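See below for the structure under consideration.
The values are calculated or read from the model by the stated rules, or taken from the named source; none is laboratory data. Here the structure is a predicted model, which is why all the values come from computation and not from measurement. All Cβ positions, glycine included, derive from the backbone under ideal geometry; neighbour counts span all protein chains shown. To get the accessible areas, we keep the full protein, side chains included, count just its heavy atoms, and leave off ligands, DNA and RNA. Shrake-Rupley method; radii C 1.70, N 1.55, O 1.52, S 1.80 Å.
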Amino acid sequence: METSTGTPHGADGHVNFGWLGESWRLFSENAAVWVSAVIIAVFAPAVFAIAVLLLSNIAHHVAATNIGVDPGLRLGLSILDAIYSAFILGGVGQMAVKQVSGRPVTFRDIFGGAPVFGNMLLFMIASSVLLSIGVAFIGIGSIFVGAMLLPAFAMVADGKPVGEAMALS
């Protein structure tokens, strides 16, 4: 197998890390878009959830109840987060596939997850179940399960069905 530096993997008995330089080059071509994608995909839902939970706690204290955070609110936030994440991660995944294919990416691409939304949501549910099982039974082995599922994320973003992507991954 040829790498971006032109030397085959394993020919000299060493791992070729040329892909790191290639990854950095791709990132630096559109660093502002990728940083925006991380903020939109990770930090925005976290800030929203923290704000809602804080407001909920304040409301409970003002009402002088010791109920804590309503389980229905937590479930609702979890569902909203899953829907939001599937949409945004679908767009980010498609954006990555697009850039690796040599096509330009823009800020708008972050929000382009609609075509793969259903498959991405299904993939997120399936991978969450597998990772939870990995944590429950294997502990640190769940890290390996997560790593093995990373290519499936890109395949789902590129339009492959979830089952096929997970099998190939």
*State the extension gain, in nm to one decimal, for the chain segment bounded by residue 150 and residue 38, taking 0.36 nm per residue of separation less the distance between their alpha-carbons.*
38.7 nm
*Separation of the residue 108 and residue 52 label points, Cα + 7 Å toward Cβ, nm*: 3.0 nm
*Determine, at each q value in 0.21, 0.27, 0.32 (inverse angstroms), the log₁₀ of I(q)/I(0) that the Debye formula gives when each Cα of region 88-137 is one equal point scatterer.*
-0.72, -0.90, -1.07
*Can you tell me which of 80-88, 28-36, 155-163 comes out highest on packing, and rank the rest after it, using the mean Cβ neighbours within 10 Å?*
155-163, 80-88, 28-36
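Sort 25, 108, 103 by accessible area with a 1.4 Å probe, largest first. Don't skip to the answer; put the middle values down first.
Numbers: 25 100, 108 195, 103 125 Å².
Sorted descending by solvent-accessible area, the residues read 108, 103, 25.
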*asked:* Students sometimes get this wrong: rank 27, 48, 144 by accessible area, probe 1.4 Å, all chains present, largest first.
replied: 144, 48, 27
